[in-house]
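A.B. asks: Submitted below is the structure of interest, expressed as structure tokens.
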Amino acid sequence: MSTLSIVVRVMFDLISWCGLVFRPRKTLEAEVLSLRKQLALYVERGVKPRRIHVATSGCRLAPP
């Protein structure tokens, strides 16, 4: 990996992080609630949670 690509990736990550930090509180509360609900369903059904696929991981973080 070249130095330029690393710098670009770090800058992208910082900008993404700033976007997450400044999200409205209600949005964060809604996401936490839905994740708790999903975890409760996994526990109830005895399903082991899996990692999300790379292609779908960006969909969750996209603003509404």
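A.B. asks: Residues in segment 3-14: is at least one surrounded by 10 or more Cβ atoms within 10 Å (Cβ to Cβ), at pLDDT 90 or above, within 14 Å of the chain's Cα centre (by Cα) and in a helix (DSSP H, G or I)? Spell out the reasoning first.
C.D. replies: First pass over segment 3-14, keeping only residues surrounded by 10 or more Cβ atoms within 10 Å (Cβ to Cβ): 6-14.
Still in the running and at pLDDT 90 or above: 6-14.
Still in the running and within 14 Å of the chain's Cα centre (by Cα): 13.
From the residues that got through so far, the ones that are in a helix (DSSP H, G or I) too are 13.
Yes, segment 3-14 contains a residue that is surrounded by 10 or more Cβ atoms within 10 Å (Cβ to Cβ), at pLDDT 90 or above, within 14 Å of the chain's Cα centre (by Cα) and in a helix (DSSP H, G or I).
A.B. asks: For segment 28-62, enumerate the residues that are at pLDDT below 85 and touching a Lys or Arg at 6+ places or on another chain (Cβ under 8 Å). Break it down stepwise before answering.
C.D. replies: Step one: filter segment 28-62 for residues at pLDDT below 85, giving 47-62.
The one that is at pLDDT below 85 and touching a Lys or Arg at 6+ places or on another chain (Cβ under 8 Å): Ile52.
The values are calculated or read from the model by the stated rules, or taken from the named source; none is laboratory data. Model, not experiment: these values are computed from the prediction. Quick reminder, even Gly has a Cβ in these numbers, built from the backbone with ideal geometry, and neighbours come from all protein chains shown.
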